[in-house]
Amino acid sequence: MRKLILIFLLIFNGNLFSQNKCLSPKVDERIELLSIVFRLADSPEYKNNTIKRYTDSIDNYFKTYKNHSVIKMASQFRDKNGVSFDAVPSLAIHIKIVNDSIKFNPTLTKNNLDDRWTKKEEDFILLLDDFYRKSNFQNFFNQNQKFYEIAINRFTKISNSINLLWFEHFFACAPKGKYNVVLSFTNWGNYGPKITNKSGIEDIYSILSANSTDSLGYPTYKTNKKQTLVHEFCHSFCNQLGEKYYPEMESKAQELYLSVLKLMNNQAYGSAQTMINEILVRASTIKYLEDEGANSQQIDKLLDNEEAKGFLWIRNLYQSLNVYSKNRKKYPTLDSYMNQIIKVQEEFSIES
């Protein structure tokens with residue numbers, strides 16, 4: 001009986017995390033839809049014109065819909081509520097497209113929906129539904145399938161190199177759902193949102209921009225995009241820890257944040273809470289790269305770069321994560337180690 005139970009558990013876990021063997025990048029119609037709406041609303045973070053072949057087709061196809069009500073609402077939400085950057089894909093992955101209609105996915109909770117939508121997402125979705133049908137957005141999406149397929153094929157080599165089991169081991173908190181890699185083309189930023197269905201199953205996302213092309217105008221991806229992919233997945237694990245322990249970290253975090261305020265604002269990190277999430281993500285990403293074979297010189301360079309961006313105690317945090325990795329019997333999860341990380345932050349001297 002014990003052997004049968006063990007076999008069952010192995011099969012169950014194997015099925016649940018079968019995608020660990022291979023990620024399948026895709027282009028998500030919902031994310032393109034929201035990205036294009038905010039591009040038409042002149043949101044700077046969605047005005048990436050690097051992939052001119054694609055953005056020219058967007059501007060030409062949708063030029064007659066610039067004055068649609070959803071575009072005006074997007075502009076208003078951005079100006080008044082700060083709906084921008086990662087708030088946009090946060091809503092995108094919560095919607096469902098069925099029979100040429102847009103609606104909030106009824107199987108999902110709103111626990112992970114970005115709070116900048118301030119409970120007005122249903123009003124926005126109604127107008128988005130009208131825009132989707134009137135613009136025949138699905139036709140535009142279908143017209144660009146060759147473009148999407150080329151991008152997907154080029155990114156597959158990078159996504160295939162990701163060790164997803166590392167996340168399960170390092171955080172000891174594997175999502176009970178899928179890892180999703182999504183390629184997008186009008187956004188400057190990269191994002192790591194997640195969704196939770198009403199049964200508690202979580203899907204996590206790594207949404208990646210494109211910043212270079214070949215001579216024909218199709219997207220190309222450099223090997224350092226692997227680091228970005230890992231970074232965005234880490235958000236789904238680290239943000240919940242940053243939020244859980246922020247009350248204990250807040251005082252010193254505010255002090256650190258004010259000391260690098262300009263650097264944080266330049267990166268669109270508008271609060272000490274966001275900075276805490278980011279430093280946890282960045283240190284974890286560097287730990288992933290070390291565990292996957294990065295040498296000491298590469299690690300030093302990565303830490304130098306992060307310090308220059310204003311994450312002043314990241315070297316101390318990274319060293320502490322090494323202590324965590326070597327003491328997993330005492331600290332089985334990163335959550336169980338967070339009190340030590342809080343001490344590392346508290347002991348850091350801004351002056352030094």
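Residues of segment 113-140 with the amide nitrogen closer than 20 Å to a label point 7 Å from the Cα of SER101, along Cα-to-Cβ, please. The answer is 121-139. Per-residue ellipticity at 222 nm, computed for the chain from helices alone with -39500 (n - 2.57) per DSSP H run of at least four residues, works out to -18000 deg cm²/dmol.
Every pair of different Cα atoms in the chain enters the Kirkwood calculation, which places the hydrodynamic radius at 21.6 Å. Could you work out how far the C-alpha centroid of segment 169-223 sits from that of segment 225-304, in angstrom? Each part's Cα centre sits 17 Å from the other's. Identify all lysines with a Cα-Cα distance to LYS63 below 22 Å; exclude those on the same chain that are fewer than 8 residues away in sequence. LYS63 reaches LYS47, LYS52, LYS72, LYS134.
Here segment 78-104 is scanned for amide nitrogen atoms under 19 Å from the site 7 Å beyond the Cα of GLU243 along Cα-to-Cβ, giving 82-95. Averaged per residue, the chain has 48 square angstrom of accessible surface, using a 1.4 angstrom probe with ligands and nucleic acids left out. The three principal axes of the Cα atoms in segment 40-158 give end-to-end lengths of 37, 33, 29 Å, sorted in falling order. Split the accessible area of the chain by element, probe 1.4 Å, and carbon with sulfur accounts for 50%. Among the listed pairs LYS198/LYS329; LYS222/LYS309; LYS146/LYS287; LYS176/LYS326; LYS66/LYS176; LYS287/LYS329, which are separated by more than 30 Å between their Cα atoms? Exceeds cut-off: LYS198/LYS329; LYS146/LYS287; LYS66/LYS176.
When only DSSP loop residues count, what GluC sites (Glu not before Pro) in segment 113-173 have their Cβ near at most 14 other Cβ atoms within 10 Å? If you can, show how the numbers build up before the last one.
Details: sites: GLU121, GLU122, GLU149, GLU168; in loops: none.
For GluC sites (Glu not before Pro) across segment 113-173 that sit outside H, G, I, E and B with at most 14 neighbouring Cβ atoms in 10 Å, the list is empty.
With a Förster radius of 56 Å applied to the beta-carbon distance between LEU261 and GLU149, the computed FRET efficiency rounds to 0.80. One decimal place: the segment THR118-ARG53 gains 19.9 nm when fully extended, by the rule 0.36 nm per residue minus the C-alpha distance. Subtracting the Cα-Cα distance of ASP130 and ILE201 from 0.36 nm times their residue separation leaves 22.5 nm of extension gain.
For segment 94-231, what does the alpha-carbon gyration tensor say about shape, rounded, prolate or oblate, given a ≥ b ≥ c as the root eigenvalues, a/c under 1.5 as rounded, and a/b over b/c as prolate?
Numbers: a/c = 2.12, a/b = 1.10, b/c = 1.93.
Judged from the Cα gyration tensor, segment 94-231 comes out oblate (a/c at least 1.5, b/c at or above a/b).
When each full DSSP H helix of the chain is screened for a Cα extent of at least 15 Å along its own axis and an average Kyte-Doolittle hydropathy of at least 0.5, the helices passing are 2-16, 29-40. Size check on segment 111-168: the Cα extents along the three principal axes, sorted descending, read 41, 34, 12 Å.
Quick check: net charge around LYS157, other residues with Cβ under 14 Å of its Cβ, Lys/Arg +1 and Asp/Glu -1? Write out the running numbers ahead of the final one.
On the way: positive: ARG154, LYS222, LYS225, LYS226; negative: none.
My count for the surroundings of LYS157 gives +4.
Taking 19 Å as the straight-line reach from the Cα of LYS80, the aspartates and glutamates in range (excluding those fewer than 8 positions away in the same chain) are ASP42, GLU45, ASP114, ASP115, GLU121, GLU122, ASP123.
The values are calculated or read from the model by the stated rules, or taken from the named source; none is laboratory data. All values reported here derive from a predicted model rather than from experimental measurement. All Cβ positions, even for glycine, are placed from backbone atoms using ideal geometry, and neighbour counts span all protein chains on display. For accessibility, only protein heavy atoms count, side chains too; no ligands or nucleic acids. Shrake-Rupley method; radii C 1.70, N 1.55, O 1.52, S 1.80 Å.
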